[in-house]
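K.L.:
Once you've had a glance at the structure underneath, I'll fire off some questions.
The values are calculated or read from the model by the stated rules, or taken from the named source; none is laboratory data. Everything numeric here is computed off the predicted structure, so don't read it as measured data. Heads up, the Cβs are rebuilt from the backbone with ideal geometry, glycines too, and the neighbour counts pull from every protein chain shown. Surface accessibility is based on the protein's heavy atoms, side chains included, excluding ligands, DNA and RNA. Shrake-Rupley method; radii C 1.70, N 1.55, O 1.52, S 1.80 Å.
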Amino acid sequence: MKSTDRILHTIKREGSVSAKALADELGMTTMGVRQHLQSLERDGLVDFEDIRAKVGRPSRHWSLTAHGHRRFADSHHDLSITLIDSVQDVFGEQGVAKVIAQREAATFAQYQDALKDCDNLEAKLRTLAYLRESEGYMAELHQDGTDYILIEHHCPICHAAKSCPALCRSEIQLFRHLLGEAYRVEREEHIVSGQRRCTYRIGEKT
């Protein structure tokens, strides 16, 4: 992966980040990172904000522009939307619901098989994060007290989900079905709603 692509991937995962933090993360010099950032800025892929510090000079933090985020978009999104529209035209909303239900059932079977040997919530979620990462969601898992936060920095079905919101509802229903009634799954951030990532808070029901 080229240095510029590594920088873009890191900003996609981390959000607003300084050149020094990027250099430390990627094992590059700060000067080298700044040169790449300036090139990416000229291409319209990144922009910066100078954040005032309590002491010393402001710190320049870089983030992706809308054009930068589109670099990670699903390359087949136009086809997906066309197919959804075609199903709706021919079979109506009921037909779209059946297609989504079939997709959810097939994904559930795949995930359930992958999780069958996991004997606790953390093991299940780490496996789930691995599966989602392999599918292009740029997923990772963090613990927050007794809860877990599943983070997805990218949504490869984002364009289709904007056209068909039922796809997003299907995603969270899938997680709830997979983990069972003993656990709660709450979506706290949502890419389709304009936030930079999707996050799910998961824990035992009280």
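K.L.:
Kindly indicate whether any position in segment 148-168 is among the charged types (D, E, K, R), loosely packed, with under 15 Cβ neighbours inside 10 Å and either within 14 Å of Arg201 (Cα to Cα) or without any contact (Cβ under 8 Å) to a residue 60 or more places away in the chain (or both).
P.N.:
Scanning segment 148-168 turns up no residue that is among the charged types (D, E, K, R), loosely packed, with under 15 Cβ neighbours inside 10 Å and either within 14 Å of Arg201 (Cα to Cα) or without any contact (Cβ under 8 Å) to a residue 60 or more places away in the chain (or both).
K.L.:
Another question about this same structure. Just for segment 6-20: of the residues that are part of a helix (DSSP H, G or I) and open to solvent by 40 Å² or more (accessible area, probe 1.4 Å), which one is farthest from His154 (Cα to Cα)?
P.N.:
Filtering segment 6-20 for residues that are part of a helix (DSSP H, G or I) and open to solvent by 40 Å² or more (accessible area, probe 1.4 Å), the one farthest from His154 (Cα to Cα) comes out as Lys20.
K.L.:
Inspect all residues belonging to segment 99-114 and state whether any of them is over 19 Å from Arg169 (Cα atoms), of a type in the set (Phe, Trp, Tyr) and touching a residue at least 40 places away in the same chain (Cβ under 8 Å).
P.N.:
No, segment 99-114 contains no residue that is over 19 Å from Arg169 (Cα atoms), of a type in the set (Phe, Trp, Tyr) and touching a residue at least 40 places away in the same chain (Cβ under 8 Å).
K.L.:
Please indicate, with yes or no, whether at least one residue in segment 90-112 is farther than 30 Å from Tyr183 by Cα and surrounded by 13 or more Cβ atoms within 10 Å (Cβ to Cβ).
P.N.:
Yes, there is a match, as at least one residue in segment 90-112 is farther than 30 Å from Tyr183 by Cα and surrounded by 13 or more Cβ atoms within 10 Å (Cβ to Cβ).
K.L.:
Now for a different question. So which residues in segment 88-114 are touching a Lys or Arg at 6+ places or on another chain (Cβ under 9 Å) and either within 28 Å of Arg196 (Cβ to Cβ) or in a loop (DSSP other than H, G, I, E, B) (or both), if there are any at all?
P.N.:
Ile100
K.L.:
Which one of these does Ser75 not meet: (1) open to solvent by 90 Å² or more (accessible area, probe 1.4 Å); (2) at pLDDT 80 or above?
P.N.:
Checking Ser75 against (1) open to solvent by 90 Å² or more (accessible area, probe 1.4 Å); (2) at pLDDT 80 or above, the one that fails is (2).
K.L.:
Got at least one residue in segment 119-134 being touching a residue at least 24 places away in the same chain (Cβ under 8 Å), open to solvent by 70 Å² or more (accessible area, probe 1.4 Å), assigned to a helix (DSSP H, G or I) and under 23 Å from Arg201 (Cα atoms)?
P.N.:
Looking for residues that are touching a residue at least 24 places away in the same chain (Cβ under 8 Å), open to solvent by 70 Å² or more (accessible area, probe 1.4 Å), assigned to a helix (DSSP H, G or I) and under 23 Å from Arg201 (Cα atoms), one finds none in segment 119-134, hence no.
K.L.:
When you scan segment 169-206, how many residues do you find that are assigned to a strand (DSSP E or B), aromatic (Phe, Trp, Tyr) and open to solvent by less than 30 Å² (accessible area, probe 1.4 Å)?
P.N.:
1
K.L.:
Please work out which residue is modelled with the lowest pLDDT, limiting yourself to segment 158-206 and to residues that are of a type in the set (Val, Ile, Thr) and over 15 Å from the mean Cα position of the chain (by Cα).
P.N.:
Thr206
K.L.:
Which ones in segment 21-46 are open to solvent by less than 70 Å² (accessible area, probe 1.4 Å), among the β-branched types (Val, Ile, Thr) and either farther than 15 Å from Phe72 by Cα or assigned to a loop (DSSP other than H, G, I, E, B) (or both)?
P.N.:
Across segment 21-46, the qualifying residues are Thr30, Val33.
Listed here are the residues, each with its yes/no results for (1) in contact with a helix residue (DSSP H, G or I) (Cβ under 6 Å, 6 or more places away or on another chain); (2) on the phi > 0 side of the Ramachandran plot.
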{"site": "Ala109", "(1), (2)": "no, no"}
{"site": "Leu121", "(1), (2)": "no, no"}
{"site": "Gly136", "(1), (2)": "no, yes"}
{"site": "His142", "(1), (2)": "no, no"}
{"site": "His153", "(1), (2)": "yes, no"}
{"site": "Pro156", "(1), (2)": "no, no"}
{"site": "Ala161", "(1), (2)": "yes, no"}
{"site": "Cys168", "(1), (2)": "yes, no"}
{"site": "Tyr183", "(1), (2)": "no, no"}
